[in-house]
Amino acid sequence: MTLQPRFIQIHSLHSYPAALLNRDDAGLAKRLPLGNAVRTRISSQCLKRHWRIAEDRFALSTLDVPMAVRSRGTLELIRKRIIEAGVSEPLAQAAVEAMRKAGLVDSAGKERAGEDALKTGQAVLMGKAEIDYLVFQCTELAKEVADEKALRAAVAQRLKDEKKNIQVLKHGSGLESALFGRMVTSDVLASRDAAVYVAHAFTVHEAQVENDYFTVVDDLLQDSGELGSAGIFDTELASGLYYGYVVVDIPQLVENLEAIERKCCFADSTSPEKRALAGKVVEHLLHLIATVSPGAKRGSTAPFDWAKFMLVEAGDWQPRSLAGAFQDALPLAPRDAGAGAIRARAVDRLRDEITKMDEAYGATLARRFLALDPIELPNAQRLNLNDLANWTASAIEQGAC
């Protein structure tokens, strides 16, 4: 089958026992009402963060693409860089405050000054190219203007004059924003459309949660022969089989990575050379989705798992999730004696959903999958993870699958 893969869709099943993967403001496992049952879930923000910061052979940082800095203290970093370039501390502070007041990082902080000017109202994602450019501009102005008040005015004017150039630098705002986008309230920085869309993962069955009661033993009390503890605590733990769904918009990813203008026809507008990096990035991302686990309380629950099932679909149709397969929660105990384990029943649900969707829409999607259990899927070939990732990268690079 030959297709122009505008979208790559990735479906996965992960199993986690006795874990607190993602908690809410009350410290409880996050939940999601769906269909006939409440499920536990893992937020997309949690998933993306762990994929971003993972450190292994497929880490995003190992790719030949500049990363970014996500922090409320980016202005403080810029100030330090300006001082390191030979500018006095008062002038560096004045330059930073001028950038803040001009709405460089967020519009909410225009009235702040002093130390408060070094902290933004929210964490801002800025690429190293953007930071380098701003440090250079402020350093050059500080060499020409020795008065703090005059430097503030000069920086504000320079940001106004260079606004278009700074916004063009969004293509240098780092791999993180190329993948997951950037929304800013800044008057100067430019937002960036995400190329990777990540759904909240949720359990395919009803929520299974329990309060874990535990104590902390006081070693010195024990040594003195006394009984007692240093504290009594409880936390919520959850177990489940989670369905995850990720979509990669290939033309948008190529545009974000290569800083080219997006056109209607992906095949005509991008050469294999321009798609090669996008293919490599998705190859790494696929490994991360399969093997990197999110999770709070790692030290006490070791919530590490590799995907038990992963399906990759490539094609030019609009994406569609298979979450509908689990609108009715899978019963924890099979109704029929021969129905099998919950993992096998979950894959059966996915296969049935795919079959029905194919029959209803006649979708022509190329499919490859990874599975621990002996299963078959419509129009799909079974591969191991390395071959699955390589097939996906090749489909993106060659523009056909």
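The values are calculated or read from the model by the stated rules, or taken from the named source; none is laboratory data. Since this is a predicted model, take the numbers as computed values, not measurements. Glycine also receives a Cβ, built like all others from the backbone with ideal geometry; neighbour counts cover every protein chain displayed. Quick note on the areas: whole protein, heavy atoms, side chains included, nothing else; ligands and nucleic acids left out. Shrake-Rupley method; radii C 1.70, N 1.55, O 1.52, S 1.80 Å.
Details
- The residues listed here are 363, 395; of these, the one that is surrounded by fewer than 20 Cβ atoms within 10 Å (Cβ to Cβ) and at negative phi is 363.
- Applying the condition of being among the hydroxyl-bearing types (Ser, Thr, Tyr) and farther than 24 Å from residue 380 by Cα to the stretch 293-333 and asking which residue is surrounded by the fewest Cβ atoms within 10 Å (Cβ to Cβ) yields 300.
- With respect to the conditions (1) under 14 Å from residue 152 (Cα atoms); (2) modelled with pLDDT of 90 or more; (3) of a type in the set (Lys, Arg), residue 81 lacks only one, and its number is (1).
- Any chance residue 339 is at pLDDT below 95, over 13 Å from residue 9 (Cβ atoms), open to solvent by less than 40 Å² (accessible area, probe 1.4 Å) and in a loop (DSSP other than H, G, I, E, B): yes
- The stretch 121-157 - residue that is of a type in the set (A, V, I, L, M) and in contact with a strand residue (DSSP E or B) (Cβ under 8 Å, 6 or more places away or on another chain) and, of those, farthest from residue 191 (Cα to Cα): 131
- Here the condition is being of a type in the set (S, T, N, Q), at pLDDT below 80 and within 30 Å of residue 104 (Cβ to Cβ); of 177, 229, 186, 224, it holds for 186 alone.
- When restricted to residues that are hydrophobic (A, V, I, L, M, F, W, C) and either surrounded by fewer than 18 Cβ atoms within 10 Å (Cβ to Cβ) or at positive phi (or both), the stretch 16-36 contains 4.
- When 91, 13 are checked against the criterion of being part of a strand (DSSP E or B) and either open to solvent by less than 70 Å² (accessible area, probe 1.4 Å) or out of contact with any helix residue (DSSP H, G or I) (no Cβ under 9 Å at 6 or more places or on another chain) (or both), a single residue qualifies: 13.
- Total residues in the stretch 59-77, condition more than 15 Å from the chain's Cα centre (by Cα), open to solvent by less than 40 Å² (accessible area, probe 1.4 Å) and within 20 Å of residue 196 (Cα to Cα): 2
- Residue 69 satisfies every condition listed in (1) under 30 Å from residue 280 (Cβ atoms); (2) in a helix (DSSP H, G or I); (3) at pLDDT below 95 except (2).
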